[in-house]
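A quick write-up on the structure given underneath.
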Number of protein chains: 2
Amino acid sequence: MSTVEGRVDGMSLRHAMLGLLADRPASGYDLMKRFETSLSNVWPATQSQVYGELGKLTKAGLLEVAAEGPRGRKEYAITDEGREELRRWLTEAAPDPVRRSDVLLRVFFLNHLTPVEATAYLMGEAERAAGQHQALEEVERNVDWGDDPLSVNGRLALEYGLRFMAMREEWARWAVEELGRTRR
Amino acid sequence: MSTVEGRVDGMSLRHAMLGLLADRPASGYDLMKRFETSLSNVWPATQSQVYGELGKLTKAGLLEVAAEGPRGRKEYAITDEGREELRRWLTEAAPDPVRRSDVLLRVFFLNHLTPVEATAYLMGEAERAAGQHQALEEVERNVDWGDDPLSVNGRLALEYGLRFMAMREEWARWAVEELGRTRR
DNA sequence: TTTTGACATGTCAGAGTTGGAATGTCGGCG
DNA sequence: CGCCGACATTCCAACTCTGACATGTCAAAA
């Protein structure tokens, strides 16, 4: 009964918040900053969502207001029940994520463009991927990799991003070639 | 005024439908079948969405009812304006898609599990990726690759999937090792 | 002939997401 | 002292997406 109602699939925002608060208590404002920095590439969230969810999670007993500060600041802390839910989510089998991909969707309809235009699109994809790859390398250089467990996970995620962007670029370049081959 | 109102970012469902109808006219029912087969891994859609969108697109002048058939069947065809919009979407620079990834979100909070549990999660990821890779290879074998431009694009998309799953598996196995290293 | 299954469309409630606006407080700098 | 910028919360309108429900027609097999 107490396990937050609308179950199962999405709503990972909840778990993102539980995960952040499991490290240490924080206010909505603090959480926002963390969503804007470390989590921005993994799970973006807006103010309205964060504050709304704080309310729901508190009402559901997964969080509690641990302290009140200066400007109406409310510092939220995870409860034991919240920790349980976090663990449950972390250990449950992740459902195959059927992701939507507008990049691939465009690829599906590339035949409605001229070969030149289609090639240009794919080259653009390659360059975008390369650009993001560079951006991630930049991040890698600028983050001070302490030994804290936090940044261990961050490193894993970053590596995922690097590999993903490399793959995207390689695929796009391969696709350009392929398009050239079949055109003849 | 006629360019469908709520612009810009998402709503690629619209363009998926325009893309499908650009090949040949079809009913909502026909479209559903194509969303369930070829497009299911790229852009899943439900009945309610498809029929709803058919109405909106028709009202917006991007589609028209070309013919009516037996069981209330309405066959929709793309209009010139619709073709324009499709081309516009295909050639416009795709915005960097900031995707949400619940897989990575979990990775971020892996430190709230025991090393054994965390490793199990990553191994599971590797196996899921391997499974999906196999499934795609299965698809590759079973599709008859004619020369029609349709399946050319399909092949590009399929290859993307294969490379993506391979990357995911490799990354997960790497992450397991990495976790083992830092634990010591 | 009856019944089943494929064809075919439509509506709805609820959750999630976005983006913006409105409001107010405190600390420190000039 | 007065003001600005950072801190901090709350509410809202609009849209998308999901999943279920409701309804009806036609063709062919049993």
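The values are calculated or read from the model by the stated rules, or taken from the named source; none is laboratory data. Just so you know, these numbers come straight off a predicted model, no measurement behind them. When we count neighbours, we look across all protein chains shown, and the Cβ atoms used for this are built from the backbone with ideal geometry, even at glycine. Ligands, DNA and RNA are stripped out before the accessible areas are found, and what is left, the full protein with its side chains, is counted by its heavy atoms. Shrake-Rupley method; radii C 1.70, N 1.55, O 1.52, S 1.80 Å.
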Practice problem: Can you confirm whether the range B:90-103 contains a residue that is over 22 Å from A:PRO44 (Cβ atoms) and open to solvent by less than 30 Å² (accessible area, probe 1.4 Å)? | Solution: yes
Quiz item: If A:LYS33 passes every condition in (1) open to solvent by 30 Å² or more (accessible area, probe 1.4 Å); (2) within 24 Å of B:PRO97 (Cβ to Cβ); (3) within 14 Å of another protein chain (Cβ to nearest Cβ) but one, which one does it miss?
Solution: (3)
Quiz item: Is at least one residue of the range A:48-60 more than 13 Å from A:GLY28 (Cβ to Cβ) and either open to solvent by less than 80 Å² (accessible area, probe 1.4 Å) or out of contact with any strand residue (DSSP E or B) (no Cβ under 8 Å at 6 or more places or on another chain) (or both)?
Solution: yes
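Take B:LEU63 and decide whether it is surrounded by 20 or more Cβ atoms within 10 Å (Cβ to Cβ), in contact (Cβ under 8 Å) with a residue 40 or more places away in the chain and away from DNA strand C (no atom under 16 Å from the Cβ).
Numbers: surrounded by 20 or more Cβ atoms within 10 Å (Cβ to Cβ): yes; in contact (Cβ under 8 Å) with a residue 40 or more places away in the chain: yes; away from DNA strand C (no atom under 16 Å from the Cβ): no.
It is false that B:LEU63 is surrounded by 20 or more Cβ atoms within 10 Å (Cβ to Cβ), in contact (Cβ under 8 Å) with a residue 40 or more places away in the chain and away from DNA strand C (no atom under 16 Å from the Cβ).
Confirm whether B:GLU53 is part of a helix (DSSP H, G or I) and within 15 Å of DNA strand D (Cβ to nearest atom). Walk me through it before giving the result.
Numbers: part of a helix (DSSP H, G or I): yes; within 15 Å of DNA strand D (Cβ to nearest atom): yes.
Answer is yes for this residue.
Suppose we filter A:ARG87, A:ARG128, A:ARG106, A:ARG71 for residues that are without any contact (Cβ under 8 Å) to a residue 60 or more places away in the chain, basic (Lys, Arg) and within 12 Å of DNA strand D (Cβ to nearest atom); which single one remains?
Details: A:ARG87 fails: within 12 Å of DNA strand D (Cβ to nearest atom); A:ARG128 fails: within 12 Å of DNA strand D (Cβ to nearest atom); A:ARG106 fails: within 12 Å of DNA strand D (Cβ to nearest atom).
A:ARG71 is the lone residue from the list that is without any contact (Cβ under 8 Å) to a residue 60 or more places away in the chain, basic (Lys, Arg) and within 12 Å of DNA strand D (Cβ to nearest atom).
Would you mind stating whether B:GLY6 is closer than 23 Å to B:GLU84 by Cβ and at pLDDT 90 or above? Working first, answer last.
Values: closer than 23 Å to B:GLU84 by Cβ: yes; at pLDDT 90 or above: no.
For B:GLY6, the condition - closer than 23 Å to B:GLU84 by Cβ and at pLDDT 90 or above - is not met.
Test A:THR46 against the stated conditions and say whether it is among the polar types (S, T, N, Q) and more than 11 Å from DNA strand C (Cβ to nearest atom). Spell out how you get there, then give the answer.
Values: among the polar types (S, T, N, Q): yes; more than 11 Å from DNA strand C (Cβ to nearest atom): no.
Considered against the rule, which asks whether it is among the polar types (S, T, N, Q) and more than 11 Å from DNA strand C (Cβ to nearest atom), A:THR46 comes out as no.
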Exercise. Working only within the range B:15-30, note down all residues that are free of Cβ contacts under 8 Å to residues at least 60 places away in the same chain, buried (at least 20 other Cβ atoms within 10 Å of the Cβ) and out of contact with any strand residue (DSSP E or B) (no Cβ under 7 Å at 6 or more places or on another chain).
Key: B:ALA16, B:MET17
